[in-house]
Amino acid sequence: MSKNPLTLIMETNKFNGMNYNEWLRSLRIVLDFENQSYILDKSLPTALPEGSSPEEHVTFENWHEDNRKVRSIILASMTMTSKSNMIG
């Protein structure tokens, strides 16, 4: 993630199991700033069809890179208890 001053929002409003709506609003603000909010709204592309263009390959790789970053932001913005409950 870039040096986004909005990430402070996620530090001060960590998901604790009781504040989902506020946490999601904050998450969307940060992801909108990073141009990554599409990750929450679109399905993960599983594979490229044979004969995909170079542009499609770049889009596919970028989607997976953004997905990895968003997962990290989400996990970093959760309390330890919430992470433990989600991960198991």
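The values are calculated or read from the model by the stated rules, or taken from the named source; none is laboratory data. This one's a predicted model, so the numbers in the text were calculated from it and none came from an experiment. Glycine also receives a Cβ, built like all others from the backbone with ideal geometry; neighbour counts cover every protein chain displayed.
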Here the residues within segment 66-80 that are crowded, with 16+ Cβ neighbours inside 10 Å and over 9 Å from the mean Cα position of the chain (by Cα) are 77, 78
(message) Among the residues that make up segment 40-59, is at least one of them at pLDDT 90 or above and on the phi > 0 side of the Ramachandran plot?
(response) yes
Residues in segment 11-60 that are farther than 30 Å from residue 79 by Cα and of a type outside the set (S, T, N, Q) total 11
ask   = If you go through segment 15-27 one residue at a time, do you hit one that is surrounded by 14 or more Cβ atoms within 10 Å (Cβ to Cβ) and under 10 Å from the mean Cα position of the chain (by Cα)?
value = yes
